[in-house]
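Computed from the coordinates by the stated procedures, all read-outs in this text should not be read as laboratory data. Since we're looking at a predicted model, the values are computed, not measured. As a convention, Cβ positions derive from the backbone with ideal geometry for all residues, glycine included, and neighbour counts pool all protein chains shown.
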């Protein structure tokens, strides 16, 4: 019987819980107040025996809802992991006995704390249902790769090698991308001494002969609708025909464009055909067809070439790049070697600022260049004069003098600009001439690439400088659109070897997304979570806050303006739930109600007891672990505090605050992650949304005639082991100062 | 006896640092069975010892928490700690791994209550803090750090046979302390292997002119990282080891042992960004009184991170000197290290005195190239080459090159796919 719920509580008396607390009272609290139908104590609940006891009750007694009162929900996770039941943890160890001194005068308040956590856990459990997949999904193993350059081709071959069918959508008439026009590439294998063949033709041949890969040339993505596991993609071809594909997950590998140096006065790029970009040099080298490279102006064999590095990069100037390609010096070395190979004893000089040849391969390649008598000059180029010959004027930074050199050909190291479609969240362009120091990344493409049929825009959001990622250190593949992964120079500038590795990683994420979507399991970071948001339609006012505030653009609207959740696009942070003013959005095991019940079932002592209550809503990813670590360090937390972990502070409903204040809580502390440009929120915008909404709490406090300092929002990091408890203790002092809430009765 | 259930469709991941964890989790979250073998008593590797990441200046434990939660919740993943792969035989799709497991003397009954640590008296240098200045100690029964996963105590083999060991045993109410535990060697099957044994800091003692072994106030960048961490040996205060004096005037020497024929041939890629980040520690600790001077050959901030370099360069409290420092001597009156060398931009000689010198030592592969327990193609620098000859063994992270965290994670994700390709082929033929 699916509807038959059976609630069971289990109280661990190990780790000092039994010594510090009255377990009999705890059990009574769970049964009487918490309405657990059965309640058992165990002296070591996490032991195989204790766990077996719970498993037996689930199997034999039909227990569907389990309340475990023991250690933190972060401890013994593997032991307390039961499939097919709703589970909650009352934190009596890290949450109570480890943060309270073991003295007689504290016994009473410590016990009260523990009893409250049990009441809260039981109340939460009562309003939970067992999460199960929605059934909306089915397994679709097709992977779509947008872009047929080295990154896209590699992603396709790698996904296909794992057994997944792939569709490559390529805008041009041929596969190969930039690399198809390259003479050679930077070596990807030891001994890292000479440029190597690009291998592009072999890759194209491998794709042509791979029966799992379908190539759509002269094609673009006209529309992408749906979600991971059920994307419906319309492919438009140049000829006007269109094709509809069912896709499980998407890899965007649309590469880069080279920066156009025309507007940079110093380099005089437009003044002479013999001043070329590094990309153009590849074409000259390829056109030389094994003979000497000739200069474009008159076809003379090049006898001297100057490579000017770092052109328009690392710049604070508007219209230039604030970052660097990172690979420009390796490219220059490779190209200087072309001249050593094809043009006899051609003079090759690389004028650099900081030479960037990192890693083992990079440094080996640099040494190989020195052995080939390529000259490296630390220089700041000040101008290039054109005339009968080119004259590069520069300051030699080692000799500390202004000087110049003549060259037949000058090669400019221009940077790579990501071909990311338009950023859905780009600020509208300011029309007036502002004092804005903010520089804009040069936009190369304003056309949509994915044409997502999403409420929040057509393409992957940018993070910085036009790169389309969201957590580039720990989780580099995470974009803000679930099941769509960026690969190659779209994420950061990179060379072919790195792009190939990157493509394999993106293919990994794509097949994983397809598999998990097929099972209704969440994607990163709540991987495997089966709960998903649903809403009570009759209560919904179509206000659209959830569809607008979802950090992942997961929610669409139907024709009447009701939300459509697309759970395979959802990361389960609950920001939609926090956004909803009418509290109609919920997850099976996490809802406005599950938290509200916890708030309401904490006992509020009468005013004359002089025992305040402080509600703490703590992000479970950072603030809560910080509090756990504080407990391990023996840092004290005020006995009036009651901590409730939340999936993300962005899921905080304003109603929790209002209800808590109305129920007589004396202070409320909200702990979320750092927001802003260097945000640390795992759900990108959750903590920012929370801060924005809580800005309105002042009105609530005012209407209740309460002091504004009763509610505080803090950014708390996982390392705030001393600070997080202090913030709670500070609130206790505040309450001491301003007095108890008048809302106790 | 440790039991591991594994088949030719299992993926073995060697090394549980950020790369190994990533590879293991990505594969496990795609439904593959994974066994992760980690030498330390906990996963997370060297990132657990970093205070902040560049360029966001955020905390490594933040991402670690997510990864550890992923690990705790995934039944496809088996983690063996204090374990080392000593041999791999066979071929792609059919490997047999031999794994040596050192005794932890604490079994999985451990609740992490800490009673054993309270009972034990003996103290040892804390390797988690690189034993910084000999001041950082841990007990003979210990949890390596507060976020250690598994959250299970370790008993130092040095106390076995002493009264302390008995005290630990006596203090444990849960029969978790097992003093009879022995080293064991187990064998199991695997279809593919991800090799993610990571890096270690280059031994600074070998750079003789810098006197790391002679001068207390010459430390390494990994030690400085611990010093800046509020959970570290000085509680986050930048105090120099010799006399506990506030270290306000700090020199950073780049390429200490890197890009050098006498030491590491390669560029370790991360040290420039690490130093740029560490100038923030100096700035944050002392404000305008904190001065950082960076001695460098080239500043390699690399691609997207270059804007971080530009922002540090704009800080008037940070100076850059293009120079390979020739030698360090100590001013015996005050313990200050004195740097000697020539500024190559203008060829000026200098003899500059600082409170503290931080050597930006590079990364060398953890496994010596002569002692890989498996036949694998390794380059001159000791990193694993992406060679088809490696069969079903794929390098991830710093076993393949000197990489920062984002590149290591990226590369490990790709390695996971390549391992999956092999086991999927096995599944295709077996299933």
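What is the helix-to-structure angle for A:150-161, meaning the angle in degrees between its Cα long axis and the longest Cα principal axis of chain A, kept from 0 to 90 and rounded to the nearest 10?
Taking Cα atoms only, the helix is inclined about 60 degrees.
Antiparallel versus total DSSP beta bridges in segment B:267-364: what percent is that, nearest 5?
70
Taking Cα pairs under 8 Å and at least six residues apart, what relative contact order does chain A come out at, in percent?
12
Rounded to the nearest 10 degrees, what's the angle between the helix B:60-73 long axis and the longest principal axis of chain B, both from Cα atoms, 0 to 90?
0
Fully extended, how many nm does the chain gain between residue A:260 and residue A:108 (0.36 nm per residue separation, minus their Cα-Cα distance)?
Fully extending the segment from residue A:260 to residue A:108 adds 47.4 nm.
Taking only the alpha carbons of segment A:604-745, what extent do you get along each of the three principal axes, in Å, biggest first?
Rounded to whole Å, the extents work out to 43, 36, 21 Å.
What distance in nm separates the simple spin-label points at residue A:210 and residue A:222, each placed 7 Å from Cα in the Cβ direction?
Rounded to a tenth, the inter-label distance reads 2.7 nm.
Could you work out, residue by residue across A:502-514, how many beta carbons of other chains sit within 10 Å of that residue's beta carbon, and then give the average as an integer?
6
In what sequence do A:346, A:573 fall when counting other Cβ within 10 Å, fewest first?
Taking fewest neighbouring Cβ atoms as first place, the list is A:346, A:573.
Antiparallel as a % of all DSSP beta bridges within chain A, to the nearest 5?
35
Hey, what angle do you get for helix A:623-632 against the long axis of chain A, alpha-carbon based, 0 to 90 degrees rounded to 10?
Around 60 degrees separate the two axes.
If I take R0 = 56 Å and measure r between the Cβ atoms of residue A:19 and residue B:350 in this structure, what FRET efficiency does the formula 1/(1 + (r/R0)^6) give, to the nearest 0.05?
Result of the calculation: an efficiency of 0.30.
Determine, for B:188, B:320, the number of other Cβ atoms within 10 Å of each Cβ, and report the residues in order from fewest to most.
With the fewest neighbours first, B:188, B:320 line up as B:320, B:188.
Determine Rg/Rh for segment A:526-583; Rg is computed over alpha-carbon atoms and Rh is the Kirkwood hydrodynamic estimate from the same atoms.
For segment A:526-583, the value is 0.93.
Mind pulling the per residue volume of the convex hull built on the Cα atoms of segment B:203-362? Å³ is fine.
So the per-residue hull volume is 112 Å³.
At what distance in nm do the modelled label points of residue B:245 and residue A:559 sit from each other, each positioned 7 Å from its Cα along Cα→Cβ?
Distance between label points: 8.0 nm.
Given the DSSP H assignment, sum -39500 (n - 2.57) over each helix run of at least 4 residues in chain A and divide by its residue total; what's the result at 222 nm in deg cm²/dmol, nearest 500?
Calculated at 222 nm, the ellipticity per residue is -8000 deg cm²/dmol.
Does the protein assembly as shown come out rounded, prolate or oblate, given a ≥ b ≥ c as the square roots of the eigenvalues of its C-alpha gyration tensor, rounded meaning a/c under 1.5 and, failing that, prolate meaning a/b above b/c?
prolate
Can you give me the C-alpha center-to-center distance between segment A:492-518 and segment A:1-72, rounded to a whole angstrom?
Taking the Cα centre of each part, segment A:492-518 and segment A:1-72 sit 44 Å apart.
Would you mind pulling out the separation of the Cα centroids of segment A:302-353 and segment A:683-745, in Å?
Value for the Cα centre distance between the two parts: 55 Å.
May I ask you to derive the FRET efficiency for residue B:371 and residue A:172 from their Cβ-Cβ distance with R0 = 41 Å, giving the value to the nearest 0.05?
Computed FRET efficiency for residue B:371 and residue A:172: 0.25.
For segment A:1-130, count the residues as N, evaluate 2.2 N^0.38 Å, and divide the Cα radius of gyration by that value, please.
Dividing the Cα radius of gyration by 2.2 N^0.38 Å gives 0.99.
Kindly identify segment A:268-416 as rounded, prolate or oblate by the Cα gyration tensor criterion: order the square roots of the eigenvalues as a ≥ b ≥ c, call it rounded if a/c is under 1.5, otherwise compare a/b with b/c, prolate if a/b is larger, else oblate.
Here segment A:268-416 falls in the rounded category.
Give the Cα extents of segment B:103-176 along the principal axes, in whole Å, largest first.
36, 27, 20
On a C-alpha basis, how far is the centre of segment B:296-344 from the centre of segment A:575-646 in Å? Whole number, if you could?
Answer, in whole Å: 48.
Suppose each label sits 7 Å from its Cα in the direction of the beta carbon; what would the residue A:704-residue B:327 distance come out to in nanometres?
Between residue A:704 and residue B:327, the label points sit 7.2 nm apart.
For residue B:108, put the label point 7 Å out on the Cα→Cβ axis and report which residues of segment B:1-40 keep their amide N under 11 Å from it.
B:2-5
Take the alpha carbon gyration tensor of chain B, find the square roots of its eigenvalues, order them as a ≥ b ≥ c, and report rounded if a/c is under 1.5; if not, report prolate when a/b exceeds b/c, else oblate.
oblate
Go ahead and run the numbers for FRET between residue A:733 and residue A:582, Cβ-Cβ distance against an R0 of 45 Å, rounding to 0.05.
0.80
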